[in-house]
Amino acid sequence: MASPSAAGVEKERTQRLAMSVPKDAVAVYGFQTPDNASPQPVNTAPGFLGFTSFSGIYDEARSNLSLLHPQTVTVSLDFEARKDPKEARRSQMLTPAVLETCLVVLRHIPDEKRGRSLFKAHYNLCDGWTQPVALKTLNALYKVYGDYFDESRDDVKLAKLAHIICENTRRPFSENERDPVKWAAQFSGHNTRWETLGVLFTYWRMGAIVHDYTQQPFGPVGSMSCWFTRKHEMHQQCLKNCAELARAHSESGNTMLLYVFFKRMILESVSAGDASLSCWQYHAESVSLMTFLGLHAETNTEPYIPSLASETRRRLFYCVYNIDKVVSSFVGRPPMISRRYFSTPPPLDLRDEYLLADEATMMEGVAALDANGWNTEGALYPTTIIRARVKMASIRDEIMEIAVGNGTTSIEALLNIKAQHLAIWASFPDVLILKPDDIKDASLEMATLYSRIIIRLEYLQNLFFLERLLVRRGHNSSGELLSVSFDMVTTTLMTWTNMDRLGIVQSDLKWLVMAFAAPGGGILCLELLEPTLHGTHPDNPSIDRSRIVQNLSLLVGFLEWVGDEAPNGNLCAHCRALVQHVLDQTLNPPPEGAPGLEMADFDFSTQTDFNFELLDTFDWLRPENMPAA
């Protein structure tokens, strides 16, 4: 944080900058500097209004009236706030503080060479946005405003650009524009908005992370000097600034802003950890904006004619819905949106290129889908992954209702959910399924390999939760729980022992180890403490006591690689200490005559150095949670 004197100098410099804009520029660009002025949206729309809303009964009455008296002109309920001349003038003002926020963003936009390099470095096959659209936006930005971002960038010039972007952001955004060119033109080139820059900063920030990992691929994740440089931190701060500026200058938010909110939460999990309050708050804002925009309440009209805009909304809704289940299960907190409260159909399994084509070409792609909505080309598209994860997320939603809810659920009900989950897995196209030799297949693209690993892990994790719930209810499922746990740990360890194949997603490994390997490792620890195997596992011959020890030893190394300083580092340290303790007790037998090792010796629930409140991963080790014999 800057010293008071430095902050004062910066404030004075910004005020001089605002005053230095020529009078004709003030007239044209609208700069004003009163301290009590702040950008406010001229209009405040109420957002999506559902069945129980105050407007619902009036909409129903109006509909009935039009049926009885078609010739009657009915009054439209327009809840948009009227434009107040004073508010309109006020919205044109930029305070020194707001102007400085704008300038911070514009100063840190990379030059064209660096910007293109960072954009290219990051490729997320399932990030909720259409990457060809993002690339076209990048091209348009540098084509129209590229000279603003060279080495000699000038603050006065950037200040004028800041006002242009603020004015663009105030313009209405048409969510339902069917023409892909017109839809993208609303936020590209001369129409660049703060949301536009927010989208690009997500790519630049993730590209910077990938760049740092690939420069030192085998360094510890916690080496902050390696990859969390000041410049890259500023990329993330600029993303947050773009989100705030867009919200301040826009009427009520839009799909682009939702994407920025969504990626802001993802990046916060990378920097602050998945269990952090800031990550949880950003996720809550994403869900709030998503439901405000009504993305959860789309109904499937027949025939459905997709567009770039409509498919983007569907993709983004399901990305937020899926991540809701991911973070909720990670921290053991109630999900923020339930499957019971949405009707939006999943996106179609189409190539991005179809979304950018004319309607006739797009409908050709739709006609080529199979009866279940999957593409028939055997290809792995962004929506292929989204659709698969969403199907499993809906099962996860049912599981979370049982796991963190107060109701009672029978063993039969849990077995029915498990059967549904197995049926969903069996229905997936072959392109989604991880094969034993995939990790050794040099011809398999990294993105495809990693996507298959994630889908496999999420499938196993659902089974893991179900088997735990069954064991707690007295069902004889401990053997299946051990098998699922072993597979979950083995699959996760595959990502660490093959980092050379997964170089550009190394930033995800610290999350993978805590989300998947740590919970599975807890069950393996329990097996060492209270053995149930006599030889090999009856259903999985690869599981024996030796392999369990080997996997747990690798898990300790994986957790140590993450490092204590990394996000989630404290959680990793606690898990590492626990697993190491179990291994030490198992491999170093007590002296002759000493009492044998008992589960009660590991009263982890009372240890102050293991944080169960942040991560409810090992709660099955607590004595009060063990099923009765």
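The numbers here are math on the coordinates, done by the rules we state, and not lab data. Just so you know, these numbers come straight off a predicted model, no measurement behind them. We place every Cβ from the backbone using ideal geometry, glycine too, and count neighbours over all the protein chains shown.
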The extension gain from Glu233 to Ala297, computed as 0.36 nm times the residue separation minus the Cα-Cα distance, is 19.4 nm
Measure out, as a whole number of angstrom, how far apart the alpha-carbon centroids of segment 393-407 and segment 425-483 sit. 19
Treat each spin label as a single point 7 Å out from the Cα along the C-beta direction, and report the Ser278 to Arg547 distance in nm. 4.2
Take each of the peptides 416-423, 276-283, average the number of other beta-carbon atoms within 10 Å over its residues, and list them starting from the highest. 276-283, 416-423
Can you compute 3J(HN,Hα) from phi for each residue in segment 379-393, using the Karplus curve 6.51 cos²θ - 1.76 cosθ + 1.60 with θ = phi - 60°, rounded to whole Hz and x for Gly and Pro? 9, 10, 9, x, 6, 4, 6, 4, 4, 5, 5, 5, 4, 6, 5
With a 19 Å threshold on alpha-carbon distance, the violating pairs from Lys113/Lys157; Lys182/Lys240; Lys263/Lys325; Lys391/Lys440; Lys120/Lys391 are Lys113/Lys157; Lys182/Lys240; Lys391/Lys440; Lys120/Lys391
At what distance in nm do the modelled label points of Arg107 and Val181 sit from each other, each positioned 7 Å from its Cα along Cα→Cβ? 4.0
Under a no-solvent Debye model with one identical scatterer per Cα of segment 438-571, what's log10 I(q)/I(0) at q = 0.16 Å⁻¹? -0.84
Placing one equal point scatterer on each C-alpha of segment 311-409 and summing with Debye, one gets log10 I(q)/I(0) at q = 0.16, 0.17 Å⁻¹ equal to -0.72, -0.78
Whole Å is fine, so just give me how far the alpha carbon centre of segment 533-560 lies from that of segment 349-383. 43
Using Cβ contacts closer than 10 Å as the measure, can you line up Asp150, Asp324 from fewest to most? Asp150, Asp324
What are the ³J(HN,Hα) values, in whole Hz, obtained from phi via the Karplus relation 6.51 cos²θ - 1.76 cosθ + 1.60 with θ = phi - 60°, for each residue of segment 204-209 in sequence order, with x given for Gly and Pro? 5, 5, 5, x, 5, 5
Could you run the Karplus curve 6.51 cos²θ - 1.76 cosθ + 1.60 with θ = phi - 60° over segment 245-255 and give me ³J(HN,Hα) per residue in whole Hz, x for Gly and Pro? 5, 5, 5, 6, 9, 9, 5, 8, x, 7, 4
Nitroxide proxy distance, nm - points 7 Å out along Cα→Cβ at Asn406 and Gln131: 4.7
At 0.36 nm per residue, and after removing the present C-alpha to C-alpha distance, how many nm does the segment from Leu444 to Thr376 gain when stretched out fully? 22.5 nm
Over all directions, the average projected area of the alpha-carbon convex hull for segment 340-496 comes to how many nm²? 11.4
Rank by packing, highest mean first: peptides 240-253, 473-486, 544-557, with packing defined as the count of other Cβ atoms within 10 Å averaged across residues. 240-253, 473-486, 544-557
Quickly rank 192-204, 114-126 as a protection proxy: mean count of other C-beta atoms within 10 Å, highest first. 192-204, 114-126
As I understand it, the dipole of segment 301-395 uses +1 on the Cβ of Lys and Arg and -1 on the Cβ of Asp and Glu, about the Cα centre. Which of Leu348, Val326, Ile305 lies farthest toward its positive end? Val326
On the formula 1/(1 + (r/R0)^6), with r taken between the Cβ atoms of Ser427 and Ala367 and R0 of 22 Å, the FRET efficiency rounded to 0.05 is 0.55
